[in-house]
1. When you scan segment 6-51, how many residues do you find that are away from the ligand (no atom under 16 Å from the Cβ) and outside any helix (DSSP H, G or I)?
2. With the condition kept exactly as written, say whether any residue in segment 149-166 is touching an Asp or Glu at 6+ places or on another chain (Cβ under 8 Å), closer than 18 Å to Arg42 by Cα and away from the ligand (no atom under 13 Å from the Cβ).
3. Out of the residues in segment 135-148 meeting the condition of being of a type in the set (A, V, I, L, M) and over 15 Å from Leu244 (Cβ atoms), tell me which one is nearest to the ligand (Cβ to nearest atom).
4. Considering segment 206-218 alone, what residues qualify as being more than 23 Å from the chain's Cα centre (by Cα), surrounded by 15 or more Cβ atoms within 10 Å (Cβ to Cβ) and part of a helix (DSSP H, G or I)?
5. Given the residues Ser6, Ser51, which is the only one that is closer than 26 Å to Pro97 by Cβ, crowded, with 17+ Cβ neighbours inside 10 Å and of a type in the set (Gly, Ala, Ser)?
6. Does any residue of segment 102-119 turn out to be within 14 Å of the ligand (Cβ to nearest atom) and touching a residue at least 60 places away in the same chain (Cβ under 8 Å)?
7. As an exercise: evaluate Thr189 against (1) in contact (Cβ under 8 Å) with a residue 40 or more places away in the chain; (2) under 23 Å from the mean Cα position of the chain (by Cα) and give the number of the one condition it does not meet.
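The numbers here are math on the coordinates, done by the rules we state, and not lab data. Model, not experiment: these values are computed from the prediction. Reconstructed Cβ throughout: ideal geometry from the backbone, glycine too, with neighbour counts over all protein chains shown.
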Amino acid sequence: MKQISSLAEMHQVRRNLQGRVGFVPTMGYLHEGHLSLVRRARAENEVVIVSIFVNPTQFGPNEDLDSYPRDLERDRTLLAQEGVDIVFMPRAEDLYPPGYQTWVTLEDLPTKLEGTQRPGHFRGVTTIVTKLFNLTRPHRAYFGQKDAQQALIIRRLVRDLNFDLAVVICPTVREPHGLAMSSRNEYLTPQERERAAVLYRALRRAQNAYEAGERHAEVLRQLMRDTLAKEPLARVEYVSIADLNTLEEIPAIISGSALASLAVRIGKARLIDNVWLGATPSTLDTDSENATPGRSTT
Ligand code: PAF
């Protein structure tokens, strides 16, 4: 596995790569969720690049940039075991040198859901992902459904800026009791980790009701709130039933598909999770719009 930190070297190595390139951007501290993206990328492409970069610009001033868990040695071992070709670990001072002033922002999607709690977060995400796309020039880029808003924003970014690549959204990987895998689960004590299963229970309750024919968005939101209220450790930030395309809160009846999502604090961790109602990532049809079948593989 080749390890690259320099931006110039990444450009130069990329110029000489042959075949389809699959790219998995990460902030490291890898878990099974990341590895599922890497395995999918490995299965679908001749070359797999994984980036590890804890991007400072997507953290707010009172967020966990300094304490964000890191274990580069372990990450590199795991990626080598998965047969990754290139691990790209750029330096913050190279990506954001003094005088840096270019940002990539979307108008609406970043203002909803997570954007209401984490202003500026998605500006950091869309900027770094754009930079990483320019450095790695992938044919396919892999994101987890766990961060649904992020994945939908990147999908929009790729369309709006005409990137010639397919955004592949992969299913959330869960612990046996339902907690979605996340590097931030590290902040939970063993007891809190058990209790954090309440997030998925709440989402499943809404999903079951939807599947049984319930279409009143507020009824589904209330089912989630009621479930969360039974867990004394859960401090709810938001519970949402939103339109999957606009991320606008659905005021009354769900007419097509919807995103059920929530953000909850338990102990020191801020946890997010979601399920899609009446849709799956494959029904979003990203490949047909973005991947240009004739694109050269170099
Ligand atoms: O999902 C993440 O880990 C990050 O937001 C990403 C996409 C790697 C950008 O820093």
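1. Selection size over segment 6-51: 10.
2. Within segment 149-166, one or more residues are touching an Asp or Glu at 6+ places or on another chain (Cβ under 8 Å), closer than 18 Å to Arg42 by Cα and away from the ligand (no atom under 13 Å from the Cβ).
3. Going residue by residue through segment 135-148, those that are of a type in the set (A, V, I, L, M) are 135, 141, 148.
Then keep just the ones that are over 15 Å from Leu244 (Cβ atoms); that gives 135, 141.
Details: Leu135: 13, Ala141: 9 Å.
My answer is Ala141.
4. Within segment 206-218, Ala209, Tyr210, Ala217 qualify.
5. Working: Ser6 fails: crowded, with 17+ Cβ neighbours inside 10 Å.
Criteria check complete, one pass: Ser51.
6. Checked segment 102-119: at least one residue is within 14 Å of the ligand (Cβ to nearest atom) and touching a residue at least 60 places away in the same chain (Cβ under 8 Å).
7. (2)
Here's the yes/no breakdown for (1) in contact with a Leu (Cβ under 9 Å, 6 or more places away or on another chain); (2) under 18 Å from Gly124 (Cβ atoms):
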| residue | (1), (2) |
| --- | --- |
| Asn134 | no, yes |
| Phe143 | yes, yes |
| Ile154 | no, yes |
| Asp164 | no, no |
